[in-house]
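The values are calculated or read from the model by the stated rules, or taken from the named source; none is laboratory data. Values in this document were obtained by computation on a predicted structure and should not be read as measured data. Backbone-built Cβ (ideal geometry, glycine too); neighbour counts: all protein chains shown.
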């Protein structure tokens, strides 16, 4: 019987239009009422996820920034953190600037960029919420070094695949970081000035050593007395890979990365078909009904 369900957001909980369907809301709220910890486990900054937590009844804990933070939603306290030091951040940025590689710096409250393009363009056009506390700041190194907010992760992007791979190799020489290079080219379709535009780029997430979604999930499970076999994890992308591989039941969405599908126990229907809701119905709600009989 599963006591914790860790769920990725983009590409998993949300459909391709970044929408949360009513069916998924209802099913997750029902699971939450039955003493199951529903834990949203996102690469996003925590403030950009809180509304989804409310919508699905995930009111206990939130794992954000690819596992850099665990937030206790009852009091807003940070239960666990694994942030990047400014020294390490600057080592990464030195390599990026020496090689003209685009980067994005994520803090607890801000997304800091030198210009709006690639993933930051997608964030600005698709995910920007004027009422959210998160801000996208266009600024340079001085701003990054002077911010009092902790740096949770960086992202590098480039259109040229060979250049991107070369920079990833250089970054791997830096100690105290983990690099998560995405093996496929990301393709995003956006409406810019009334016209649909396709942007393609390769990207990699860079975080503090040992920072990933599974490390955070396992920390939280241990705190709550939940065994590994009692954890169900659902995701679609490379940053979900460790939690899908290590959980008692690891689920990849049908729209997910082929690399993730290979290590998953189950492939769920796509995010366009309420795949998360179907998995929760089958492996959480139905099992609990059977045990009560």
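In the stretch 257-293, the qualifying residues are those that are at pLDDT below 95 and not in a helix (DSSP H, G or I), and the one that is surrounded by the fewest Cβ atoms within 10 Å (Cβ to Cβ) is 293. Out of 226, 244, one residue alone is assigned to a helix (DSSP H, G or I) and either closer than 30 Å to residue 111 by Cβ or in the same structural domain as residue 57 (by TED's automatic domain parsing) (or both). It is 244.
Within the stretch 137-173, the set of residues being in a loop (DSSP other than H, G, I, E, B) and either touching a helix residue (DSSP H, G or I) at 6+ places or on another chain (Cβ under 6 Å) or more than 15 Å from residue 206 (Cα to Cα) (or both) comprises 139, 140, 147, 148, 149, 159, 160.
On the stretch given as the stretch 1-34, residues that are within 25 Å of residue 214 (Cβ to Cβ), free of Cβ contacts under 8 Å to residues at least 40 places away in the same chain and more than 19 Å from the chain's Cα centre (by Cα) total 1. Restricting the stretch 176-187 to residues that are loosely packed, with under 14 Cβ neighbours inside 10 Å and without any contact (Cβ under 8 Å) to a residue 40 or more places away in the chain, the residue that is farthest from residue 211 (Cα to Cα) is 187. Restricted to the stretch 31-60, and to residues there that are touching a helix residue (DSSP H, G or I) at 6+ places or on another chain (Cβ under 6 Å) and in a strand (DSSP E or B), the residue that is farthest from residue 145 (Cα to Cα) is 38.
Give the residue, chosen from 227, 223, that is at pLDDT 95 or above, closer than 22 Å to residue 61 by Cβ and touching a helix residue (DSSP H, G or I) at 6+ places or on another chain (Cβ under 8 Å). Please lay out each step first, then the result.
Details: 223 fails: touching a helix residue (DSSP H, G or I) at 6+ places or on another chain (Cβ under 8 Å).
Just one listed residue meets the conditions, 227.
Assessment of the stretch 102-116 against the conditions (touching a helix residue (DSSP H, G or I) at 6+ places or on another chain (Cβ under 7 Å), outside any loop (DSSP other than H, G, I, E, B) and either modelled with pLDDT under 80 or loosely packed, with under 14 Cβ neighbours inside 10 Å (or both)) yields no matching residue. Of the numbered criteria (1) closer than 20 Å to residue 67 by Cβ; (2) touching a residue at least 12 places away in the same chain (Cβ under 8 Å); (3) surrounded by fewer than 18 Cβ atoms within 10 Å (Cβ to Cβ), the one residue 208 fails is (3). Would the stretch 190-201 turn up any residue that is closer than 24 Å to residue 88 by Cα and either in contact with a strand residue (DSSP E or B) (Cβ under 7 Å, 6 or more places away or on another chain) or surrounded by fewer than 21 Cβ atoms within 10 Å (Cβ to Cβ) (or both)? Among the residues of the stretch 190-201, not one is closer than 24 Å to residue 88 by Cα and either in contact with a strand residue (DSSP E or B) (Cβ under 7 Å, 6 or more places away or on another chain) or surrounded by fewer than 21 Cβ atoms within 10 Å (Cβ to Cβ) (or both), which makes the answer no.
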